[in-house]
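Okay, so here's the structure we're looking at.
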Amino acid sequence: MAGFSVGRSRGAGTSRGAAAAPPATLIGQPLAAAPGTVLFLSSTCRTSAKLLDELRGAGWQGPLTVAWIVGRPAPHLLPAGAALLEEGRRLAAALGIRATPFAAVVGARGTIESAGPIADLAALVELARRDGQALADRPPGLLASR
């Protein structure tokens, strides 16, 4: 997969013990990525594992990139069609993302349209739908019919 890059840092702390960047500070930040959802996960996080299970079962549609902050499980655990970001830890540090699961929706202009911590599939869908412009930039339908 092509690499991601952050256009500028807004002073987010990335050192151990530093506070995580509030999601609002990420909105509008340039992210050299294809439009879609970037999902930051940890292989040691039970909520991340639960979310992956939910995504595989729900038939998520639309571009999805998984960025591992800690560890990396077997590829067969990823939802069908999901891209894997090799530089997940570096990107998360540059953005100040310190909690998982965390999602960022990238619009057609290559900027983060919405972002925040998520606890389950419903929260991920809500985050993706939060910004009308982000939805306009995405393929129709966030979930495939079951």
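Points to keep in mind about this one:
- Net length gained if the chain between ARG46 and GLN61 were fully extended (0.36 nm per residue, minus Cα distance): 3.1 nm
- Simple spin-label estimate for LEU84 and GLU54 in nanometres, 7 Å along Cα-Cβ: 2.4 nm
- Spin-label model, ARG130/LEU77: points 7 Å from Cα along the beta carbon direction are separated by 2.6 nm.
- Packing around the peptides 65-71, 44-50, taken as the average count of other Cβ atoms within 10 Å per residue, puts them in this order, highest first: 65-71, 44-50.
- Rounded, prolate or oblate (a/c below 1.5 giving rounded, otherwise prolate when a/b exceeds b/c) for the range 53-94 by Cα gyration tensor: prolate
- Rounded, prolate or oblate (a/c below 1.5 giving rounded, otherwise prolate when a/b exceeds b/c) for the range 73-129 by Cα gyration tensor: rounded
- The slack in the chain from ALA24 to ALA108, taken as 0.36 nm per residue of separation less the alpha-carbon distance, amounts to 28.4 nm.
- Database remark: amide H of GLN61 closer than 5 angstrom to the amide H of LEU143, ALA144 (H placed geometrically; neighbours at sequence offset of 5 or more, or on other chains; Pro and chain starts carry no H).
- Antiparallel bridges, percent of DSSP beta bridges restricted to the range 45-118 (to nearest 5): 60 percent
The numbers here are math on the coordinates, done by the rules we state, and not lab data. Computed from a predicted structure; not experimentally measured. Please note: Cβ atoms are built from the backbone with ideal geometry, for glycine as well, and neighbour counts cover all protein chains shown.
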